Amino acid sequence: MNLGTDLPRKKQEALQEIGIKSENREYSKEELKSFSNIIGEHIYSQSSKNGDMKKAFDIYGDILTTFVRNEK
């Protein structure tokens, strides 16, 4: 999977906000798995009481799903 070409610009920017750089190159399955872990940690580190966890899932959920599909 190539994050620079396979993801829309808005999703690339969302990834950069949590420290994942999207370069125009093919990422290995191991890298995608690592990114999935970072996204999961970010989502679950948010507060569920004020709705931040849901907001984070709304932003990163479909990206996470895409990464998981490409890990296999």
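Each reported figure results from applying straightforward, stated rules to the coordinates on display, with no laboratory input. Just so it is clear, the structure is predicted and the values come from calculations on it, not from any experiment. Here Cβ is always computed from backbone atoms with ideal geometry, including for glycine, and neighbour counts include all displayed protein chains.
Judged by the mean number of other Cβ atoms found within 10 Å, the most tightly packed of the peptides 57-68, 19-30 leads the ranking 57-68, 19-30. Checking the cross-link pairs 11/55; 10/55; 29/54; 33/55 against a 20 Å limit on the alpha carbon distance flags 29/54; 33/55 as lying beyond it.
A crude spin-label estimate for the pair residue 24 and residue 70, with each label 7 Å from Cα along the Cβ direction, gives 1.6 nm. Secondary-structure-derived ellipticity at 222 nm for the chain, considering helices only, amounts to -22000 deg cm²/dmol, per-run term -39500 (n - 2.57) for DSSP H runs with n ≥ 4.
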